[in-house]
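In what follows, a structure is listed as structure tokens, so that the remarks can point back to it.
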Amino acid sequence: MKTQQNGYSNPEENNASFLKRLWIYQRERFPLLAHGMMISAFSFSAIAYSRISRDAVGFISWQHFFVGVFTTVTLFLLVRIFDEFKDAKEDAMYRKELPVPRGLISLQELRSVGIVLFLAQIAINLIFFPKMLIIYGIVIFYLCLMGKEFFVADWLKKRPFWYVTSHMLIIPLIDIYASGLDWLLAGVDAPKGLLFFFAVSFMNGIVLEIGRKIRNPSDEKVGVETYSYMLGAKKATGLWIFILLVTWLLSIAASYYAGYGILAYIILTAIFIWSCIPAVLFMNNRSSKRAKAIELTSAGWTIAMYLSLGGVPMLERLFG
């Protein structure tokens, strides 16, 4: 197989079987185990929060849950694949170590993977719950718009706020799909508290996005736009803390609408304070290790939010 080559290419990997190359790709760009666990928690919590908010007994059928998780996990994988196409030119110029620029896997191969995932999603939803295809279709339509940068790519690139806002909206849309496995399939109105849960999901996406793009000044790369490069490390970290604060306030509101008690507020507040520590340490003494700690904390915060708002309360009801 002929592939493009650069200084980061590994001929042995590039000439391996498609399945092996795909395995290496997922390990680097979309670790299925780690992402699968996070997205499963995300889906479980969305469904759980919906059921708790409307005082429904028990959980949805596990068959529906696992089919739904397959859809949500593969939807996020499709987001990753769409990004490969969207960022192809910049990656080829400035991020040559990534799988596509170094020739590990081609965009044509990723397109084929995306088509297979799309057809599998359609088939599995059509078989188990055709109703969900309505929300699914909206998510796919929005994803396609994202892939085209909403036909205003230059405008968005000059306006980082609108860029990240427009792209993070895909998360609450997938959240609507996940929660719909409860309220839509049950034929009832969505609980009002879900608006706050969706808002938390949206803000969690921004927490992750900013958190992974805060770097120590010595780690900045030419052509790679990070928030620490655009705003300065201190301002970018301050922005991350502010986004964390807004998300915490929204989580308090979501807890209120779900009828949680004072213990939930205390736990959420403790998570917020604990999560701020790496950012404060980085602002006082910047280093690569402390910048990485902010990225890891972003992931930990996101998981903690979902488990606190839906996952843990539902598990207590099921097994308590």
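Some notes on this structure:
- Relative exposure of 206, 214, judged by other C-beta atoms within 10 Å (fewest first): 206, 214
- Label of the coordinate-derived value, Rg and Dmax of the Cα atoms in Å, listed as [x] 20.3, 61; [y] 19.2, 61; [z] 20.8, 76: [x]
- Among the lysines of the stretch 1-135, pairs that are 8 or more positions apart or on different chains and have alpha carbons within less than 24 Å of each other number 6.
- Within straight-line cross-link reach of residue 234, lysines at Cα separation under 26 Å, skipping those fewer than 8 residues along the same chain: 157, 158, 213, 221, 289, 292
- Relative contact order for the stretch 160-301: 26 percent, from Cα pairs under 8 Å spaced at least 6 residues apart, divided by residue count.
- Annotation: the residues 20, 89, sorted from fewest to most other C-beta atoms within 10 Å of their own C-beta, follow the order 89, 20.
- The ranking of 146, 132 from fewest to most other beta carbons within 10 Å of each one's beta carbon is 146, 132.
- Each of 236, 180, 256 was placed along the dipole of the chain (beta-carbon charges, centred on the mean Cα), and the one lying farthest toward the positive end is 236.
- For the stretch 124-139, 3J(HN,Hα) per residue [Karplus equation, 6.51 cos²θ - 1.76 cosθ + 1.60, θ = phi - 60°, Hz, x = Gly/Pro]: 5, 6, 5, 6, 8, 7, x, 4, 5, 5, 5, 5, 4, x, 5, 4
- The order of the peptides 46-54, 104-112 by mean Cβ neighbours within 10 Å, most packed first, is 46-54, 104-112.
Bear in mind these aren't lab numbers, they're just calculated from the coordinates by the rules spelled out. Because the structure is predicted, anything quoted here is derived from the model rather than measured. With ideal geometry, Cβ positions are generated from the backbone for all residues, glycine too; neighbour counts draw on all protein chains shown.
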